[in-house]
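K.L.:
I have a structure I would like to understand better, so I am pasting it below and will then ask my questions one at a time.
The values are calculated or read from the model by the stated rules, or taken from the named source; none is laboratory data. Here the structure is a predicted model, which means the values were calculated and not measured. Using ideal geometry, Cβ is built from the backbone for each residue, glycine included, and neighbour counts are taken over all protein chains shown.
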Amino acid sequence: MLLAVGLNHKTAPVQIRERVAFAPERIPEVLRELTAEKAVSEAAILSTCNRTELLCNLDDGDSSVIIDWFRRYHNLRPEELEPYLYTHPEMHAVRHLLRVASGLDSMILGEPQILGQLKDAYVAAREAGTLGKLLNRLFEHTFAVAKQVRTDTAIGASPVSVAFAAISLARQIFTSLADHTALLIGAGDTIELAARHLKENGIGRMIIANRTLARAEALVNEVQGMAITLAEIPSHLHQADIVISSTASQLPILGKGAVERAIRIRKHQPILMVDIAVPRDIEPEVGELNDVYLYTVDDLREIIDEGLKSRQEAAQQAEEIIDAQAARFMGWLRSLDAVATIRSYREQVERIRNEELDRAQRLLAAGHDPATVLQHLAHGLSNKLAHAPSVQMRRAGFEGREEFLQAARELLNIRLNNDD
């Protein structure tokens, strides 16, 4: 049985999510421990800041095996864990994984980072040797469906975070960012996210200014760029084509005079300034200057609201794709049940064929007429192949099991004389 067990940002507070997270370096060892449990034949673990999920293939349908192991591993009492857990069996597990990979179950609708995290989970399970035929096929199917959702819908095209909206605005104004410099003021979560978006969009150069130089340097090490203090901003402001500011300062960081000087040095090349801070980091009067495009968090809100609306409409299309693809995977899974039957039937047919062929060869070796031998061969094959189905259909007719007869006609492609 396919089973997904876990919790996420919707079902559990961060205090619980922290307690059940798995360190990335320990996941291979944890997976081998999990698959050592009775009835667990395959397993993978997805563990991020927003979710921890166990995806397993069980030899029986008892989900308590996974829940009990999960609880014991993290040394939690049932009442500490189980109120926050969800369990998705079979079709529901497939659909859940497809929704996760497509960003439909994320805190930010349509965000793409979760797909990369899911691919990491797949690689970790594969290297740990805990993937079998079912989960391996499910992951491959999941990645293909996530790609289809990204290609066929606009689920990730519109900005839905302040940082994303700021970078989208920069791309609209400058088209290509490769030849431009961005000055980021602050080093909190929003600036860090903006820095990552800028890097992903090929920004030419980044300068990160922060009150504490060490914090700016730490972010620079992750995204590449140059770290400066807030006091050094006036010396570098003229280099910036894009300024994004988000600090906790109670007073403005950038005044009209400093920006005017930068504009003169730049020979009036335009600057995009995005002030995400509340209270504002950039004096409102800066917006009055020619060659400065100043946007505040309220201006970005309209972009974000429009982006959310667009993503929600795309999510409806994505759900339709996911429903169809989940059903398709379950169809493949059900087809595995028929494999053993098909194999046995083919072996039975081959046994009958070999018996009749051996008999025909003996008759030919004894000097019997070849035409007569062929007739006996054909007659023997048709009789033996038709015998068991004929007996079962006669019995079904006697017992009035019309559905069985209908299935037999479909299986054997039988057309009655009175069929059109």
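K.L.:
Show me the helices (runs of 4 or more DSSP H) found entirely inside region 20-138 where at least 2 residues are closer than 25 Å to GLN312 by Cβ and out of contact with any Lys or Arg (no Cβ under 9 Å at 6 or more places or on another chain).
P.N.:
Output list reads 90-101, 113-128.
K.L.:
If you don't mind, another one. Got at least one residue in region 184-207 being over 15 Å from TYR293 (Cα atoms), among the polar types (S, T, N, Q) and in contact with a strand residue (DSSP E or B) (Cβ under 7 Å, 6 or more places away or on another chain)?
P.N.:
No; the residues of region 184-207 include none that is over 15 Å from TYR293 (Cα atoms), among the polar types (S, T, N, Q) and in contact with a strand residue (DSSP E or B) (Cβ under 7 Å, 6 or more places away or on another chain).
K.L.:
Still on this structure, please answer the following. Kindly evaluate LEU7 against the criterion of being under 30 Å from GLN317 (Cα atoms), in contact with a strand residue (DSSP E or B) (Cβ under 6 Å, 6 or more places away or on another chain) and either buried (at least 20 other Cβ atoms within 10 Å of the Cβ) or acidic (Asp, Glu) (or both).
P.N.:
When the stated conditions are applied, LEU7 does not pass them.
K.L.:
I'd like the residue in region 265-289 that is in contact with a Leu (Cβ under 8 Å, 6 or more places away or on another chain) and charged (D, E, K, R) and, out of all such residues, is surrounded by the most Cβ atoms within 10 Å (Cβ to Cβ).
P.N.:
ASP275
This table checks each residue for (1) closer than 15 Å to LEU2 by Cβ; (2) touching a residue at least 60 places away in the same chain (Cβ under 8 Å); (3) aromatic (Phe, Trp, Tyr).
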residue: PRO28; (1), (2), (3): no, yes, no
residue: SER41; (1), (2), (3): yes, yes, no
residue: ARG72; (1), (2), (3): no, no, no
residue: ALA124; (1), (2), (3): no, yes, no
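K.L.:
Right, next: Of all residues in region 299-328, count the ones that are among the hydrophobic types (A, V, I, L, M, F, W, C) and loosely packed, with under 14 Cβ neighbours inside 10 Å.
P.N.:
Total meeting the criteria: 2.
K.L.:
Just give me the residues in region 221-264 being surrounded by fewer than 17 Cβ atoms within 10 Å (Cβ to Cβ), assigned to a loop (DSSP other than H, G, I, E, B) and either outside the structural domain of ALA195 (by TED's automatic domain parsing) or free of Cβ contacts under 8 Å to residues at least 40 places away in the same chain (or both), in sequence order.
P.N.:
GLN224, SER249, GLN250, LEU251, GLY255 - these are the residues of region 221-264 that are surrounded by fewer than 17 Cβ atoms within 10 Å (Cβ to Cβ), assigned to a loop (DSSP other than H, G, I, E, B) and either outside the structural domain of ALA195 (by TED's automatic domain parsing) or free of Cβ contacts under 8 Å to residues at least 40 places away in the same chain (or both).
K.L.:
Looking only at region 137-160, which residues are modelled with pLDDT under 90 and either among the acidic types (Asp, Glu) or in contact with a Leu (Cβ under 7 Å, 6 or more places away or on another chain) (or both)?
P.N.:
VAL160
K.L.:
Of GLY202, GLY186, GLY129, which residue is assigned by TED's automatic domain parsing to the domain that holds LYS10, more than 14 Å from the chain's Cα centre (by Cα) and among the small types (Gly, Ala, Ser)?
P.N.:
GLY129
K.L.:
Going by what's in this entry, would ALA327 be described as assigned to a helix (DSSP H, G or I), touching a residue at least 60 places away in the same chain (Cβ under 8 Å) and closer than 30 Å to ALA101 by Cα?
P.N.:
Taking the combined requirement at face value, the residue satisfies it.
K.L.:
Which residues, taken from region 355-391, are closer than 22 Å to LEU412 by Cβ and either among the small types (Gly, Ala, Ser) or touching a Ser or Thr at 6+ places or on another chain (Cβ under 9 Å) (or both)?
P.N.:
ALA378, GLY380, SER382, ALA386, ALA388, SER390
K.L.:
Just name the residue that is farthest from SER161 (Cα to Cα) out of those in region 179-200 that are outside any helix (DSSP H, G or I) and modelled with pLDDT of 90 or more.
P.N.:
So, considering only residues that are outside any helix (DSSP H, G or I) and modelled with pLDDT of 90 or more, the one farthest from SER161 (Cα to Cα) is ASP179.
K.L.:
Output yes when any residue across region 149-171 is in a helix (DSSP H, G or I), more than 19 Å from the chain's Cα centre (by Cα), surrounded by 15 or more Cβ atoms within 10 Å (Cβ to Cβ) and hydroxyl-bearing (Ser, Thr, Tyr), and no when none is.
P.N.:
Taking every residue of region 149-171 in turn, at least one turns out to be in a helix (DSSP H, G or I), more than 19 Å from the chain's Cα centre (by Cα), surrounded by 15 or more Cβ atoms within 10 Å (Cβ to Cβ) and hydroxyl-bearing (Ser, Thr, Tyr).
K.L.:
Continuing with this model, one more query. Does VAL65 satisfy being closer than 25 Å to GLU320 by Cβ and buried (at least 16 other Cβ atoms within 10 Å of the Cβ)?
P.N.:
No.
K.L.:
Also, quick follow-up: Just to be sure before I move on: is SER176 assigned to a loop (DSSP other than H, G, I, E, B), within 29 Å of ASN57 (Cβ to Cβ) and either of a type outside the set (Phe, Trp, Tyr) or under 15 Å from the mean Cα position of the chain (by Cα) (or both) in the structure I sent?
P.N.:
Taking the combined requirement at face value, the residue does not satisfy it.
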